[in-house]
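Everything below concerns the one structure shown next.
Read-outs: derived from the displayed coordinates by stated rules, not from any lab. Given the structure is predicted, the values throughout are model-derived calculations rather than measurements. Quick reminder, even Gly has a Cβ in these numbers, built from the backbone with ideal geometry, and neighbours come from all protein chains shown.
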Amino acid sequence: MIFLKTDEEIELLRENNILVSKTLAEVGRHIRPGVTTKELDRIAEDFIRSHGAVPAFLGYQGYPASLCISVNEHVVHGIPSDKIVLKEGDIVSVDCGTFMKGFVGDSAYTFAVGEVAEEVRQLMEVTKEALYKGTAQAKAGNRVGDISAAVQEYAEKFGHGVVRELEGHGLGRKMHEDPGVPNYGARGRGPLLKEGMVICIEPMINMGNKSVVFEEDGWTVRTRDRKPSAHYEFAVAIRKNGPDVLTDFSIIEQAI
Ligand code: MF3
Ligand code: CO
């Protein structure tokens, strides 16, 4: 069941997603060689709580942390650890969620640690651009498949693998609402987009093959070929005048 949101509800979702953006900016300021992903998680949890929200991921289906931090071949859902130490040339996908005033925020950004290889930099840029291409299709009268196809076509043009096993979702009082928003699909197919819908679009794009495996810890998803993967996520409201992006990457990009 898809829940349409009022203008007031969309503003509460925006408040959450701006806090997520600010949290990702704060995390980004601390990303450097030598820092552990556990330290980054602690920084995010303190930041979220000091702004009157709670980390939405913590305890979600038993998830043990406030962030998902996925380094290099880890695609998503990496569990922060004091054993994972960042080093120059890594890429780090950080996914963050907040809960405040009855609504959820959920966004993700992939950061570079110092200088990264040219092809890895390109993977990051293509993944972010795929998110923008998908977002442009998030308008009333389109279908979910228009978003999916735009993401897939753009990423595949560069020979990258589009992960199939995980997808975007509706966002509201719960982190995962209908509809599912796959990163692959056909134009003109899937649920109709209507004014008042709020969705998360979140391409997970692999430099190499699209196939992934689930690690023993029950959470971490990694690429089968162990090549790097990138992940960016926007929360987007579908409004009368088109897509209204509730996440603000410029806050993150000014910080790093
Ligand atoms: N943010 C992820 C998503 O977009 C979910 C995180 S899973 C959790 O679907 F268990 F960590 F919460
Ligand atoms: Co999400």
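Under 5 Å from the amide H of GLU202 lie the amide H atoms of GLY168, each residue being 5 or more positions distant or on a separate chain, with H modelled from the backbone and absent for Pro and chain starts. When the charge dipole of the chain is built from unit charges on Cβ atoms (+1 for Lys and Arg, -1 for Asp and Glu) and taken about the Cα centre, the candidate among VAL181, PHE103, ASN206 whose Cα reaches farthest toward its positive end is VAL181. Using only side-chain charges placed at the Cβ, +1 for Lys and Arg and -1 for Asp and Glu, the dipole size of the chain relative to its Cα centre rounds to 460 debye. When the chain is described by a simple charge dipole with +1 on each Lys and Arg Cβ and -1 on each Asp and Glu Cβ, the residue from VAL221, HIS169, GLY34 located farthest towards its positive end is HIS169. Each peptide among 60-67, 19-26 gets the average number of other Cβ atoms lying within 10 Å of its residues, and from highest to lowest they stand as 19-26, 60-67. Among ILE69, ILE84, ILE205, which one shows the highest mean-square fluctuation when the chain is modelled as a Gaussian network with alpha-carbon springs under 10 Å? Checking each option, the largest mean-square fluctuation is seen for ILE84. Per-residue Karplus couplings for the stretch 237-248, computed as 6.51 cos²θ - 1.76 cosθ + 1.60 with θ equal to phi - 60°, are listed in order as 9, 8, 10, 3, 8, x, x, 10, 6, 8, 8, 10 Hz, Gly and Pro entered as x.
Could you sort out which of LYS133/LYS210; LYS22/LYS174; LYS5/LYS139; LYS133/LYS174 sit more than 23 Å apart by Cα distance in this structure? Over 23 Å apart, Cα to Cα: LYS133/LYS174. Couplings 3J(HN,Hα) of the stretch 181-198, computed from phi: 10, x, 9, 9, x, 10, 3, x, 10, x, x, 6, 8, 10, 3, x, 7, 10 Hz, in residue order, whole Hz [Karplus 6.51 cos²θ - 1.76 cosθ + 1.60, θ = phi - 60°; x for Gly and Pro].
For the stretch 1-137, the dipole from Cβ point charges (+1 on Lys and Arg, -1 on Asp and Glu) about the Cα centre works out to 200 debye, to the nearest 20. With Cα atoms defining each centre, the stretch 47-88 and the stretch 111-138 are spaced 21 Å apart in the structure. Residues in the stretch 145-154 carry Karplus couplings, in order, of x, 5, 5, 4, 5, 5, 5, 4, 4, 5 Hz; the curve used is 6.51 cos²θ - 1.76 cosθ + 1.60 with θ = phi - 60°, and Gly or Pro positions show x.
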